[in-house]
Each structure stands twice: as C-alpha cells, then as structure tokens.
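The values are calculated or read from the model by the stated rules, or taken from the named source; none is laboratory data. On a predicted model such as this, the values are computed, not experimentally measured, just so you know. Note: ideal-geometry Cβ built from the backbone for every residue, glycine included; neighbour counts use all protein chains shown.
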C-alpha cells in the first residue's frame, strides 16, 4: 500500500516558508509542568487511587470520632469530654516529656505525710478536667506509692473515657 | 468543488459524533498502528519518570505542532491556548501511555480533538477573519528578504487560511506532522479515500492560487469556502 502521497511542489513550498516556532514562554511552562508531574510517584495503589484512599481515611476518621464518644459515654457527669479529647490529642503531639511535666506539677499538689490520709486522696476536679492532667495525676499517685488511690483513679478514668489512662514511665 | 464541500459537511457531522472531547484515554485504532518508535520509547521513559526524555520528545514536535494549531485556529492566542491544552493532556495521560500507537499519530489525535473541542467552545476563529499578523509572522533567519518569496509566502498562507477546515486539516497533518493518509484517517476519523480526496483538493486549490500570482484566486477560494 502506498500510504504516502508522492512529493508535491506545494507541500515542499509550504514547508520552506512555514517556520514559526512555539513561543519560548510556552516551552518553559510546559517543560516545567512535565517535570513537576514526573516527580509524582506512579504505579502504587495510593498513587492511582488517591480519591478512594482519601475518602476511606476520612470515613474511618469520622466513624471513630462519632462512635468513640458513644462507646465511652459516661454514666455520670463527664468533665468536658470535648476539651479532654482535644487535650489528649495535644498531649500525644507534645510527647511524654510534657506529660511528665504535668505529672510533676500534679505530684506537688498531692499532700505527703500520713499514708492513710494519702490513700484517700484522689485527683482534684481540676486534674480530672483533662485527660493529660488526669493521667499525670494517676502517675504521680503511683510514683508516691499510693497504689490504691492510683487504681481507683484509673477505674474512674476508665468509666468516664472507656480507655485506660496512658502509663507514664 | 461541490463534492468537496459536501464531503466537508459530512465529515463535520462525523466529527461531532465521534469526537466527544479533547481526550484520548481510548484509542480504538491503536492495535492497527505501527509499534514502537523512538518517540514512543521516549514517551515510555517519561512515563517512568525520565524528565529528560520528555524534553527531547517535546523539542522534536513543539514547533510543528504549534504551526499546525496556528494554521487551524488562524488565531495566535487561540493556538497558544490549544497548544498548552494538548501538552497538558499528554502529560496527564502519560501514566496510561502504551506503545501501541505511533507517537506522532497519538499526539496529533490529541491536538485534533482539542482543536475540535475549542472550536465548539469558541467560534471566534471559525469563519471569522484570520489573524492578519499570521501572514507576516516569521521566526528565525530565513530568505524572507527576498520580496518575491515573501509575497509567495503571504499568498500561500492566505490561500491555506481560505481552505475549508477539513482540507486545511488534512493538508497540515500531511505537511506539518508528516503523517501518511492512513494515519491522517486515524487522527481525523475519516476514511482513507476521503482523506486522499481532501488532500488532492487542497493541493489543487493552493496551486491555483500560486499560479494566479495575485490575491484574486485566494479571494475566490475564500468565497468558495463559505
């Protein structure tokens, strides 16, 4: 099959006079775009299905956010649940040092002295207002050897939040 | 001449049916195309993240593609818009690129579809007066100092602008893209014999204009095309 037309004078003439070039700024724009696109990863599941993954993650997060409080709904009057959850997230971000710092402060507020009196001590409402402060208070009680009080506080923490207080080493 | 016009109308209808938008995720004729070419190899390398391969590929085709769109749109601003869109589509589609199609056919099919889409969106360069700057625009060193040659160029471009869009398309795909009849048929969605006929008409009209030696023939062609 002769796919190509025989050479013709008009075609030759046209090619000899048609010499416009693509604008330089467009060349630069397109090459930059191509380079930017090439840097993106390809072939992975995450690369090929970003929308699906994003949707799944968002749905999962929403489910946890909604079902978590329902599951751990306190039977008594819970101290500002929303604020506690926010603080817990903040504490996770800050790390254990921050929790230890709060624990030291909580420890200073727990009076030493008579062990029997100490056993009856519990974390103050101010300390139980947030997950971080409450956890630090429990840790401080344990550090001071007040195991009964620490266990009671841990039970109370569990009944309110549905999870155990994080252990602070 | 009448058959050419009728031929063009039929093709225009076919375009509307077959070219839904400026995309090429599916290339139905891919299995019939020639296999791997060097261009295709570059495109595959770019698909796998080699930016240098795209650079090389781009500089092989950029000017010819730009001229194709410039002549098709007859408007520099419109040509630049479509030109960017074509490359953006190509870059976006790189992940799905398979070496089943001859690259230039692949590229010009995108360009053709993008042009048709832009034509539908904006009729400013269809039937309107061509951008007059295009007749004198020139880039780089060339024998344009020769007055006779400059005049010939002006007549040729004017005559090309006056061709029916389907004939202009076929002529440019042949001369700028270097595509054969079969490939042009794939790009435009027309039958091979139709393409051959359009190319013959286009050549004949352009030759007539240049033989006339003045703009009279171009004006006559312009009237023909309406």
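Looking only at the range A:21-37, residues that are more than 37 Å from the chain's Cα centre (by Cα) and facing chain B (nearest Cβ under 7 Å) come to 5 in all.
I'd like to verify a number: residues in the range B:35-52 that are facing another protein chain (nearest Cβ under 9 Å) and part of a helix (DSSP H, G or I), how many? Don't jump to the end; show me each part of the working.
Kept after step one, since they are facing another protein chain (nearest Cβ under 9 Å), are these residues of the range B:35-52: B:46-51.
Retained after the next criterion (residues that are part of a helix (DSSP H, G or I)): B:46-47, B:51.
So the count comes out to 3.
Would you pick out the residues in the range B:180-191 that are in contact (Cβ under 8 Å) with a residue 12 or more places away in the chain and within 9 Å of chain A (Cβ to nearest Cβ)? Result: B:181, B:183.
Looking at the structure I just gave you, is residue B:221 assigned to a helix (DSSP H, G or I), surrounded by 14 or more Cβ atoms within 10 Å (Cβ to Cβ) and at pLDDT below 60? In short, yes.
Restricting attention to the range A:3-20, the residues that are within 7 Å of chain B (Cβ to nearest Cβ) and at pLDDT 80 or above add up to 9. Among the residues of the range B:53-80, the ones that are in a helix (DSSP H, G or I), more than 10 Å from every other protein chain (Cβ to nearest Cβ) and more than 12 Å from the chain's Cα centre (by Cα) come to 4 in all.
Within the range B:104-149, the set of residues being within 14 Å of chain A (Cβ to nearest Cβ), within 25 Å of residue A:10 (Cα to Cα) and at pLDDT 80 or above comprises B:104, B:105, B:107, B:111. Taken together, the residues in the range B:192-213 that are surrounded by fewer than 21 Cβ atoms within 10 Å (Cβ to Cβ), part of a helix (DSSP H, G or I) and more than 12 Å from every other protein chain (Cβ to nearest Cβ) amount to 2.
Within the range B:81-103, the residues that satisfy the criterion of being farther than 24 Å from residue B:161 by Cβ and more than 9 Å from chain A (Cβ to nearest Cβ) are B:89, B:93, B:96, B:97, B:98, B:99, B:100, B:101, B:102, B:103.
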